[in-house]
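Asks: So that we are looking at the same thing, I have put the structure below in structure tokens.
The values are calculated or read from the model by the stated rules, or taken from the named source; none is laboratory data. For clarity, every value in this text was computed on a predicted model and none was experimentally measured. Keep in mind that these areas ignore ligands, DNA and RNA; they rest on the heavy atoms of the full protein, side chains included. Shrake-Rupley method; radii C 1.70, N 1.55, O 1.52, S 1.80 Å.
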Amino acid sequence: MSEMSSREERVNLIKQIEEKRKSKLLIYFCADRHPAGSQIASDAVRPLYEHLLAIAPQKITNLDLFIYSIGGMIEAPWRIVTMLREFCEKLAVIIPYKAYSAATLIALGADEIVMGKKGELSPIDPILEVVMRPPGLEQPMPAKFGVEDIMSYITFIRDTSGLTDQSAIVRLISLLADKISPPIIGSIQRMHSHIRLIARKLLSLAQPPIEESRITSIVQALTEKIYAHGHGIGRKEAEEIGLQVKHPDSDLEELIWKLYLCYERMFDLNATHDPEGYFTNDLEDEHIEDNWDVACIESTEKFHVFRGRLRLKRIRQRVPSLNISVNFPIQFPPGIQPQNLPAALQQALQQIIQRGGTQIRNQILRQIAAQMPVIGVNSKLIGGRWIELT
């Protein structure tokens, strides 16, 4: 399927959904594509704004946001929702499948959440990612900390365990401080408070207004009362929590799922999750994939993708310290004594020998390094940016 015919298929589905919903439809799709996917981020605000100007030059009655994402930056949902509301009287979010974490926050800011049978929300307990350098590794590695996990550990020590010995409590909290630096703990506390504030502010935007007690209950359920961050909240559970969920009829649900499948194919979401599958042989340590698309924003009027170059690098066990000496025996013609050669020529020969020895030594080390066990693969999207396709 060509990119243009695929675009034509998607626009046709978008128009059918718009007709059924009596609305304008905007898609924000963040592919969880291995080994380098994407998440909701503030850099999407600018292209989203271009689409809104194109599809709603005057304020419209109904605007639908079709969203797929496994999460993202917690500062992005407020910016996105408040911008969307500038262009419509009623905002709905359509969830075909995954709308986790930051995507769930965006859904909280809608007047209506349209969830299909496979639609899923998630808890909104954020994950803090920091770069750490594990012992024995030259390359820094990302480490993730669940904000609610850290807060639950402290609550467990303070309230649940029943410890009354203050010195024991101090020792247990010190174990946490030994693993996580004070600035990181401070960031965790700020995120703990911020996520609740943003969730309440987003829920307060809903029309008709949600009563304060129900807002409190929803925030508590999504931040504290669902204990697994990866728990998928289906539409029945979302209703029980108190969210403003709407079930699409069978025709609309079929259109929503068909549109999702278009993006699933576009981003090849069913491809291998193993980054090793991209390397052609055991000795290759770097692999590049050009035009790696990880997200898109689409409407009937415009089409943007977030594109970059994917670089995969194998991380191998460190080469042990080796003392490699390379000697070149040089056979001179009969009658020529090396010590009788001009000093300049002797120096030039010595430099050539040294360079050759260094090159051979480096080649030996590279070959040894290539035989060391692979302990991981580092993936990085290089030069990623939003571009408009026509």
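Asks: Under a 5 Å amide H to amide H cut-off, with H placed in plane at 1.01 Å, what residues pair with A295 once short-range neighbours are removed?
Replies: The answer is A31, F306.
Asks: Another question, then. State which entries of K118/K313; K201/K302; K15/K201; K59/K302; K59/K236 exceed 27 angstrom in Cα-Cα distance in the structure shown. Spell out each step's value before the answer.
Replies: Numbers: K118/K313 35 Å; K201/K302 30 Å; K15/K201 32 Å; K59/K302 18 Å; K59/K236 33 Å.
In this structure, K118/K313; K201/K302; K15/K201; K59/K236 lie more than 27 Å apart at Cα.
Asks: Moving on. Once amide H atoms are placed 1.01 Å from N in the peptide plane, what residues at a sequence separation of 5 or more from I94, or on another chain, have their amide H within under 5 Å of its amide H?
Replies: Placed amide hydrogens put L65, F66, I67, V114 under 5 Å from I94.
Asks: So which aspartates and glutamates can K258 reach, going by Cα to Cα under 18 Å and dropping same-chain residues fewer than 8 places off?
Replies: Output for K258: E3, E8, E9, E18, E19, D64, E120, D249, D268, E298.
Asks: Scan around F303 for amide H atoms under 5 Å from its own, H built in the peptide plane at 1.01 Å from N, and keep only partners 5 or more places away or cross-chain.
Replies: Here the answer is L389, since their amide H atoms fall under 5 Å of that of F303.
Asks: Now for a separate question. Give me the accessible area of K313, 1.4 Å probe, in Å² rounded to the nearest 10.
Replies: It works out to around 80 Å².
Asks: Next question. Determine ³J(HN,Hα), in whole Hz, for all residues of region 238-248 in sequence, where each value follows from phi through the Karplus function 6.51 cos²θ - 1.76 cosθ + 1.60 and θ = phi - 60°; x replaces Gly and Pro.
Replies: 4, 5, 5, 5, x, 6, 8, 8, 10, 8, x
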